[in-house]
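Values in this text are rule-based calculations from the coordinates and carry no lab data. Just so we're clear, the structure is a prediction, and the values are computed from it rather than from any experiment. Here the Cβ positions follow ideal geometry from the backbone for every residue, glycine too, while neighbour counts run over all protein chains shown.
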Amino acid sequence: MDTNNSQTLGEHGQAASKSEIQSGRESAPGSPRKGLIEAARFWEPRRLLYNLLLTTVVLIWVVKTWPHFRAAMTLESLGIMAVLALLANVCYCAAYLASAQGGTGNDGEFGR
């Protein structure tokens, strides 16, 4: 067998580029890194929906209880809310770890 003509296949069966191989982007099947990459690919598109739903719930709560929040609306509280929003997104990322443990199904689709 001629080793000069062999190719490394990427995640979807295509030939992996030299830069992918050198950067370590191609991971062995079943490796923890591959599981995290697949989890991120699955969950990242859903992050926008998560943030929209979270924002909607907060806005409805503030509007319905406005007299209660009027005194609390200060520049300082805006900073605190920004930190809480950041923490909510960090918690969202915990789904990556749980999903990475689940892996992929036989059909190659993540989470099935």
Hey, what did segment 31-112 get for relative contact order, percent, Cα under 8 Å, at least 6 apart? 56 percent
Run the quick spin-label model on Trp66 and Leu78: label points 7 Å from Cα toward the beta carbon, then report their separation in nm to one decimal. 1.9 nm
